[in-house]
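Everything on this sheet refers to the single structure shown next.
What follows draws every value from the coordinates through simple rules; no lab data is involved. Computed from a predicted model, the values in this text were never measured in an experiment. Because the Cβ atoms are built from the backbone with ideal geometry, glycine has one as well, and the counts that use them run over all protein chains shown.
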Amino acid sequence: MKIISKIKTYSAIKLLRKRKWKRHANRYLLPVYDMNRMNQNNISKKEILQQHLKKFPDEADKIKKEIQSAFNILNIKDNSGKIAQDILFWNVVYGFSVNEYLCYDFINKSEEERHTYISDREIVNFGYEVNDLDKMNIFSDKMLTYHMFQPYFGRKAICIKDRKDYPIFRKFVKKYPCFVKKETRESCGRSVELIDTTQEEAKESELFRFFISKGKTILEEPIVQHFKMGILNDSSVNTIRCITLVGKRGIHIPYCFAKIGRKGEFVDNGAAGGILVGIDVGSGVFDTNGIDELGRRYKTHPDSGIEFKGFCVPEWEEMKKLCSKLAAKIPEVKFIGWDMAYSKNGWVVVEGNSLSEAIGMQSTFERGIRNTISEYLATYNISEDKVFRYMQ
């Protein structure tokens, strides 16, 4: 009886943690109560937004600056005030970022069409709903990911966090004077840098102190990209985001897309200016034009000139088999986005993401994934209102 009681207590604690994380992820969004007021009483959208945004002045200022920056880059002038108000509304009410709004071409879509898409806020809800919180931590800390899946990384990595780690740092740098540095809990390519100590003016000890001042930091042997993927852009390691879903009938790969860097850039992430391209899961062939995170589309890579549609990813079936194998090792995390690189020695893991964003899955193919997520939730009898902000 004591064991059963402990299990029930632990389950209750995990449920409370899940609710806490979801509240944090959605803290800025308009409460459902206000959504209902707006729909039932026909209160002005502008009035509701103004009342709500007064509670979050910093966030409101940030989103307004993002809108203005995007408008300046894209030279949006016609109806800019109306469009800005619409972006703000869809951000506060449904959680769509400025980039999502632009990438999904919401300017030219009806409300019904828009609701076939899901926002990154909702995909976060989805991840917290279907994934085990404790196991998710393996992906929150990149070094834990490395330890869990080390045989599939194909490279050496170390973690440094305080002064006692200086000896292993020196040993690593001696063997790999050129290495990749990343902070363990960052995402979207933030904090990722290629460090060449032979070109650095700072001493080893100064570099070390700088790294640990930023917190727990990973140093990795660089991936040597195979030329078959390097022809897309040779300054970045161009990766494949492979989505795995663990279902009741096994592991399914519903979506894959490529992330390709720009000339001179080391990282390939869309948030860092990279280009996303949709891939046909069955064949491994690029099936769409490219798109960046401001919604600009490209038939060819603007730097290398390679045409996107029709490009064949090498050893495609081997990559899918590897991702399915990786997902099977941690079935408690049902939704994972694997970043995979094709190296000179074959496919290797870059990292895993237990809260993989939705923008790459939807913007590349120009269609929403709401129905796919709804069908998946139904197989586990999970109510849609635990994930989606809008109920049809």
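Computed values, structure above
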read-out: Distance in nm between pseudo-label sites at residue 249 and residue 304 (7 Å out along the Cβ direction from Cα); value: 3.6
read-out: Cα-Cα separations in the stretch 280-321 greater than 17 Å, expressed as whole percent; value: 39
read-out: Sites residue 312 and residue 73, calculated FRET efficiency, Cβ-Cβ separation with R0 35 Å, nearest 0.05; value: 0.60
read-out: Alpha-carbon spread of the chain, three principal axes, descending order, Å; value: 68, 66, 45
read-out: Convex hull of the stretch 253-297 built on C-alpha atoms - directionally averaged projected area, nm²; value: 3.5
read-out: Calculated log₁₀ intensity ratio I(q)/I(0) where the Debye formula runs over C-alpha points of the stretch 190-247, q = 0.14, 0.16, 0.27, 0.31 Å⁻¹; value: -0.62, -0.75, -1.17, -1.33
read-out: Debye log10 I(q)/I(0) at q = 0.21 Å⁻¹ for the stretch 227-311, Cα point scatterers; value: -0.92
read-out: Residue 193-residue 116 pseudo-label distance in nm [points 7 Å out on the Cα-to-Cβ vector]; value: 4.4
read-out: The chain: most fluctuating residue of 376, 342, 128 per GNM, C-alpha cutoff 10 Å; value: 376
read-out: Projected-area mean, the stretch 131-245, by convex hull of Cα positions, square nanometres; value: 8.7
read-out: Taking the C-alpha atoms of the stretch 240-392, convex hull volume expressed per residue in Å³; value: 124
read-out: Gain in span if fully extended, residue 210 to residue 371, counting 0.36 nm per residue against the direct Cα distance; value: 53.3 nm
read-out: Helix runs (DSSP H) in the chain reaching 24 Å along axis by Cα, Kyte-Doolittle at least 1.0; value: none
read-out: Residue-count net charge about residue 298 - beta-carbon cut-off 12 Å; Lys, Arg +1, Asp, Glu -1; value: +2
read-out: Between the stretch 59-128 and the stretch 210-242, the Cα center-to-center distance that results, in Å; value: 30
read-out: Where N is the number of residues in the stretch 313-392, Cα Rg divided by 2.2 N^0.38 Å; value: 1.31
read-out: Proximal charge balance of residue 284 [Cβ under 11 Å; K/R count +1, D/E count -1]; value: -4
